[in-house]
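Below is one structure, written out as structure tokens; comments come after it.
The values are calculated or read from the model by the stated rules, or taken from the named source; none is laboratory data. Every value quoted in this text rests on a predicted model; they were computed, and no experiment measured them. When we count neighbours, we look across all protein chains shown, and the Cβ atoms used for this are built from the backbone with ideal geometry, even at glycine.
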Amino acid sequence: MAKLDIFDPVWLEVVFTGRNQSYGAFVLRKDNNRTTTRALFIGAIVFALLVCSPLIVKYIQSLTGNVEMVEEDKVDVTEVVLTPPPPVDEQAPPPPPAAEPPKPRVDQVRFPPPVVVPAEQVREEEPPSQEELAVKDPGQKTIEGDPNAQIRIDEPVGEAPPTQAAVVEDNSVHDFATIEVQPEFPGGIQKFYDYVGKTYNYPAAAKEQGVSGRVILSFVVEKDGSLTDIKVLRDLGMGTGEEAIRVLKKSKKWNPGIQNGRPVRVNYTIPILLNLEAQ
């Protein structure tokens, strides 16, 4: 039984004895080996053609002279001419030395950081005692303090006398959205609109024409709260914009905008709603 080959075509005759052998399973099994071999051969040829198709196309193009030349990427080289630095003026005076920081508020005693050195380079210098450090601050050198000096932890200290820093006046106009504390009408924006409602005189021509809508104005709130540079950005015509300017000019002073703890000039834009039904 070990040498029995069940795939031998002889067994087909035995199995299909007395049965239909003109078609069906008998024909399929009889032609199975030949069909399988043909399918493998055709599949191998198709696979080889697919793999070699780029080489075949390139070879055909080389024979017909239609090979496309692939140009290498070109690098644009731009020559940049640098302006030479200005000549050094030897007669120009040297810049002034940096100002010495002001004196500290508390006396300092020299207390340098420890440094590891050979024994022969050790300096025989007594460090400050605990009694001295109780009333003085340690530092790089001994400095006499100034009791009247202001305490500033963000600046270095030195031996120079205390000086008053120059205050730079900020007169630029800041944007409304970038201000730490925004300008405001005394009592709030609703109080401002109440004031406009009582003060605004509807122009007669606008009433006759039935003009309603929004008049948009811009102005600058000064450091003292007064309103300047009043402009009409959107006008309804018929004297509505001019009347809005008049109302703003008669307004009481606003609370100014604050930036870095100081009042600054702020550009402000505000709409005024005109409604004939409310008149």
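A compact table of results
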| read-out | value |
| --- | --- |
| Pairs, first on the phi > 0 side of the Ramachandran plot in the range 223-243, second in a loop (DSSP other than H, G, I, E, B), C-beta under 6 Å, six or more apart | GLY225/LYS253; GLY225/TRP254; GLY225/PRO256; MET238/PRO203; MET238/VAL211; GLY239/PRO203 |
| Enumeration of residues in the range 187-229 that are more than 34 Å from the chain's Cα centre (by Cα), farther than 30 Å from GLY261 by Cβ and in a strand (DSSP E or B) | GLY213, ARG214, VAL215 |
| Residue within the range 245-267 that is over 30 Å from GLU169 (Cα atoms) and touching a strand residue (DSSP E or B) at 6+ places or on another chain (Cβ under 7 Å) present | no |
| Residue ID - modelled with the lowest pLDDT, chosen from residues in the range 253-279 that are surrounded by 13 or more Cβ atoms within 10 Å (Cβ to Cβ) and over 34 Å from the mean Cα position of the chain (by Cα) | LEU274 |
| Flag if LEU248 is at pLDDT 90 or above and out of contact with any His (no Cβ under 8 Å at 6 or more places or on another chain) | yes |
| Flag for THR240 being buried (at least 17 other Cβ atoms within 10 Å of the Cβ), of a type in the set (S, T, N, Q) and in the same structural domain as THR178 (by TED's automatic domain parsing) | yes |
